[in-house]
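For reference, the structure is listed below as structure tokens.
The values are calculated or read from the model by the stated rules, or taken from the named source; none is laboratory data. All of these numbers come straight from a predicted model, not from anything done at the bench. We place every Cβ from the backbone using ideal geometry, glycine too, and count neighbours over all the protein chains shown.
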Amino acid sequence: MSLGPYASFIVTSYLAAATVVALLIASIALDYRNQKRRLRELADSGVMRRS
């Protein structure tokens, strides 16, 4: 597969997009873990959800 004279731009763009997606996934995973921890702390302290 020949990308021609724009090969470096194309490869760099794909790498940048992949990096952004990976950072977004990592951010969501960290936020999920923090939210679960916070909910567990609230449950342990006796705070309950209203139904």
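Does the range 25-33 include one or more residues that are over 16 Å from the mean Cα position of the chain (by Cα) and at pLDDT 95 or above? No, every residue in the range 25-33 fails to be over 16 Å from the mean Cα position of the chain (by Cα) and at pLDDT 95 or above. Pairing each residue of the range 1-26 that is part of a helix (DSSP H, G or I) with any residue that is at pLDDT below 95 and hydrophobic (A, V, I, L, M, F, W, C), provided the two are 6+ apart or on different chains, yields C-beta distances under 7 Å for I10/L3. Do we have L42 as surrounded by 10 or more Cβ atoms within 10 Å (Cβ to Cβ) and either at pLDDT below 95 or not in a helix (DSSP H, G or I) (or both) here? Yes, satisfied.
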